[in-house]
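Read the structure below first, then the notes.
The values are calculated or read from the model by the stated rules, or taken from the named source; none is laboratory data. The shown structure was predicted, so the numbers you read here are calculated from the model rather than taken from an experiment. Quick reminder, even Gly has a Cβ in these numbers, built from the backbone with ideal geometry, and neighbours come from all protein chains shown. Calculation scope for accessible area: heavy atoms of the full protein, side chains included, ligands and nucleic acids excluded. Shrake-Rupley method; radii C 1.70, N 1.55, O 1.52, S 1.80 Å.
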Amino acid sequence: MNTITILLLLLGLHIAVTERIRPAIRSLAAQGILLGLLPFLAASGPAWRAAGLGLATVAVKSVAIPFILTRAVNRLEIGQESESLLSTKTLILLIGALTLAAFVACARFGLSGQDRLGAAAGLTLLFSGLLMMTTRVKAVSQVIGFVVLENGIFLFGAASGSEFTLPIELGIFLDLFVAVFLMGILMFKIQRTFTHMDVRKIHTLKD
Amino acid sequence: MIPLLLLAPVAGVILALLSRTPWQAALGTVVGAAGLLSGAVIQGMSPRVAAWGDLLRLDELGSYFLLIVAGVHFLCSVYAYGYFRRELEGGHIGPAKVRMYHVWTNLFVLSMVVVVCSHHLALQWVAVEATTLFSAPLIYLHGDRRGMEAAWKYLLICSVGIAFAFLGIIFLSRAAGDVPLTYTALPLAAKRLDPRFLRLAFLFFLVGYGTKMGLAPMHTWLPDAHSQAPAPSSAMLSGVLLNCALLSILRIAPAIPGAYASPLLILFGILSIAVPALLVAVQRDIKRLLAFSSIENMGIVVLGLGFGGAARPAALLHVLNHSVAKVLLFLVAGDLILRFGTQKIRQIRGILRESPLRGVLLFGGILAITGSPPFGAFWSEFGILVGGIAGGHMAVSLAYLVLLAVLFGSFLMYGSNMVFGEGVPRKLSGPELWCLLPACVLLLASLWLGLHVPAGLYKTLERLSTVVAFS
């Protein structure tokens, strides 16, 4: 569990800091596989339940979503660079501060040992996903940020031991998949009408 | 009963998919909506709680919200027939897109029915997220730049908001331990739950679902999304979707200590009234104007819930009053936008002289939404003020009164310019039955709720207000 958590955290940092889109998508897929292992490590519940959840996680997070994102990158012929409003140095500093804040928050809430590491790593991923969504200029990077945020919440939930019935868990995956799918479709449409994918330039609606 | 309620919108989806012409698709939606409405009325009159398994359960509070969803959906589906016929004639939209409108609208309604029928709070979360996903295609139905920008913002911001609500559910399950996360089990066990995690859960519910509800300062997506959707969809988004997000917050309220929740609700409430009060005065687009008024009205409801006491039933009544008046306004605005060919307020002028019925509907709607007597919203806004003063929140109540007066002034100015103002004479064709009939029904409903609050309704709301009271 601890190894997986630390690997997830490192992959998350790579996604948040890297300037290249394709490696970021690969790291995202790797995160999906690691998250798919989590249900098997949880002690509770029958084996078929863990298998169902693990398979659903891998199918959605490391196959379907990376596929949609890669296709978007290929078809939209967007450059490899994923521009950010912040420099890499600032990003690393900010994420370091957020990691620290996450650990402090989890300690203050009396989570202990393994729980604390998982929960704090989950919060860190959540923060860095949010940071990506707000500071990246390309639509694809914003979607990647959203998936990192979701992964963070997933890890946080797994660490704090929350479980729901299987239909609900599958519903959660379905929602995530449809959300990314719709964002993918919208990216194509935005590309066609605006002829660019720079979110900075999309602001005709304002007060 | 619940399987039948779910079946009605599913039937609408199937009929829309099978349809060959836009007319058939519209008929399918109307049939599905009529089915849903009759089911909701039958369930509303029966004293028994409907349940289907552990996950779905429809109590009196859910029934109240379901009736609003079903009523608005029915009127909007009738309106949509007339609206899209005109859009098709004008060549603004193709038949394939009209069919997609009906498919997505029925799916959207289906997800809202699941929201109000959810017994398990995590299922409710899944359904609220589904409402975002099914309504996003409606926002970019026309496929223009503004629609896409609005849909992109809507998907991204609401998905983040809803992710925060999910964090709230994780905190709640941490607090609950082995207590099931259902709205019947949690309040009973409230005393045994870990208060720290319970508070965090409420905070994240409020921020997460509050984003979906359009509470300031998380409201930034709302004016864009609600102004870019086609008129019947705008009406549904403002008139019922916001209520569904509110219901999701109400469901955990009984497990939360009031001393913690009330100040938060009052803060978000007054902020959500203040932001529109400042921004409404500079609006140029009629639908954005109405969208800002939705933020304000959700603020009023949340403020009333925060005040507690006598303000709580008034807040629940305001949910209904807002839906009636806001749907009315969006439907009339959609008709006017098609007639005048613009959404700009300054170019819509002199309605009364050209078409008295539309003038009466628009001006009546504006009076209704600002809470002027003799319309229903007057009583609910007044009840919230009384509750605030009785609860000892003098300063906030005063601010609430001043902000409402400012909003009333702005809306009256826009309304009188559009209805009575002199403009370029423009020939408006005769009344379009399918578009104006639902609006007339809503104006009469608002008037009826104002002239005489039905005794049965008031008793029900008093009962419901104890259901949503904080512990």
For the protein assembly as shown, the dipole about the Cα centre with charges only on Cβ (Lys and Arg +1, Asp and Glu -1), to the nearest 20 debye, works out at 880 debye
Place a point 7 Å from the Cα of A:Ala105 in the direction of its beta carbon; the residues of the range B:230-269 whose amide N falls under 12 Å from it are none
Within the under-15-Å Cβ sphere about B:Val467, not counting B:Val467, Lys/Arg +1 and Asp/Glu -1 give a net charge of +2
Of every hundred units of 1.4 Å-probe accessible area on the protein assembly as shown, the number belonging to carbon and sulfur atoms, as a percent, is 69 percent
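Mind putting a number on the dipole of chain B about its Cα centre? Charges go on the C-beta only, +1 for Lys and Arg and -1 for Asp and Glu, and I need it in Debye to the nearest 20. If you can, show how the numbers build up before the last one.
On the way: 32 positive and 19 negative charges, 90 e Å.
For chain B, the charge dipole is close to 440 debye.
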So the FRET efficiency between B:Leu412 and A:Arg75, C-beta based with R0 = 51 Å and rounded to 0.05, is 0.50
Taking the alpha-carbon centre of each part, the distance from the range B:335-378 to the range A:1-50 in Å is 55 Å
Result for interface chain B to chain A, accessible surface buried in total, 1.4 Å probe, Å² to 100, stands at 3900 Å²
Extension length gain for B:Ile42 and B:Ile14 (0.36 nm per residue less Cα distance), in nm, is 7.7 nm
Shape descriptors of the protein assembly as shown over alpha-carbon atoms, Rg and Dmax in angstrom, are 24.5, 75
With T = 37 °C, eta = 0.692 mPa s and Kirkwood Rh from C-alpha pairs, the Stokes-Einstein D of chain B in µm²/s is about 149 µm²/s
Dividing the mean separation of Cα pairs under 8 Å (6+ apart) by the residue count of the range B:180-308 yields a relative contact order in percent of 33 percent
Interface residues of the range A:159-185, defined as losing at least 40 Å² of accessible area versus the chain alone with a 1.4 Å probe, are A:Ser160, A:Phe164, A:Ile168, A:Ile172, A:Asp175, A:Leu182, A:Met183
Percent relative contact order for the range B:343-446, counting Cα pairs under 8 Å at least six residues apart, stands at 48 percent
Chain B: relative contact order from alpha carbon pairs under 8 Å, six or more residues apart, as a whole percent, is 15 percent
Among the range B:51-92, those whose backbone N falls under 18 Å of a label point 7 Å along Cα→Cβ from B:Gln24 are B:81, B:85
The answer for the net charge of residues other than B:His142 whose Cβ lies under 12 angstrom from its Cβ, with Lys and Arg +1 and Asp and Glu -1, is +2
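Could you report the protein assembly as shown's accessible area per residue, 1.4 Å probe, as an integer in Å²?
Per-residue accessible area for the protein assembly as shown comes out at 36 Å².
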Here FRET efficiency (C-beta to C-beta, A:Ser87 to A:Trp48, R₀ 51 Å, nearest 0.05) is 0.55
Dividing the helical contributions, -39500 (n - 2.57) per DSSP H run of n ≥ 4, by the residues of the protein assembly as shown yields a 222 nm value, nearest 500 deg cm²/dmol, of -25500 deg cm²/dmol
